[in-house]
């Protein structure tokens, strides 16, 4: 069975903008994140993204703009000889109560089904409480990074006390690959 790491995007791979809306021009990778994904790929991992994008349903940006942002991220990865294997996202707002919007685990189940992976063996790296909750509901391995909303989550959500915490994605990848 393939090894996989599932990443949240905003706050894990790229900086969170002040208005919480990531545009193509404003998409700025966190130092070391592109290299970290590249290292995972070279070590034989599948890497996917699972991300909420309710800004689309709220009319703040279009799905086309989201896809342009993903294309920019893929270009940066390709420049280093890597890519992500899949990008899964939910465009619904919280009021839609859909199964794909984190903290519900629908996106993670979609990824597991498409790639035939065992979520119990899969790290889900996030910076928000919804990432951790989705990972726990899917019986995956929740990982919290301090970037993005991570510090806030550590201080305000006692349910993350049992979750491994890393400074950033690069730190998590160094630790993970050192153990192998």
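Nothing in this text is a laboratory measurement; each read-out follows from the coordinates by a stated rule. Since the model is a prediction, treat every value here as computed from it, not as a measurement. As a convention, Cβ positions derive from the backbone with ideal geometry for all residues, glycine included, and neighbour counts pool all protein chains shown.
Summarising the label geometry, the points placed 7 Å from Cα in the beta-carbon direction at residue 85 and residue 139 lie 2.0 nm from one another. Extending 7 Å from Cα along the Cβ direction at residue 165 and again at residue 28 yields two label points whose distance is 2.5 nm.
Beta bridges assigned by DSSP with both partners in the chain are antiparallel in approximately 5 percent of cases.
Modelled spin labels at residue 2 and residue 64, positioned 7 Å past Cα toward Cβ, are 3.1 nm from each other. Semi-axis lengths, largest first, of the ellipsoid equivalent to region 17-75 are 25, 13, 10 Å, with √(5λ) applied to each eigenvalue of the Cα gyration tensor. Given their separation in residues at 0.36 nm each and the Cα-Cα distance between them, residue 98 and residue 72 gain 6.6 nm when the chain is fully extended. Starting from 0 in steps of 5 Å, tell me what percent of the Cα-Cα pairs of the chain lands in each bin. Cα pair-distance distribution for the chain, in percent: 1, 8, 18, 23, 23, 17, 7, 2, 0.
Using the Cβ-Cβ distance between residue 177 and residue 113 with R0 set to 41 Å, the FRET efficiency works out to roughly 0.95.
Rounded, prolate or oblate: pick one for region 87-180, where a ≥ b ≥ c are the square roots of the eigenvalues of its C-alpha gyration tensor, a/c under 1.5 means rounded, and failing that, prolate if a/b is larger than b/c, else oblate.
Oblate, because a/c is 1.5 or more while a/b does not exceed b/c.
For the chain, the 222 nm mean residue ellipticity estimated from helices alone, with every DSSP H stretch of n ≥ 4 adding -39500 (n - 2.57) and the total spread over all residues, rounds to -10500 deg cm²/dmol.
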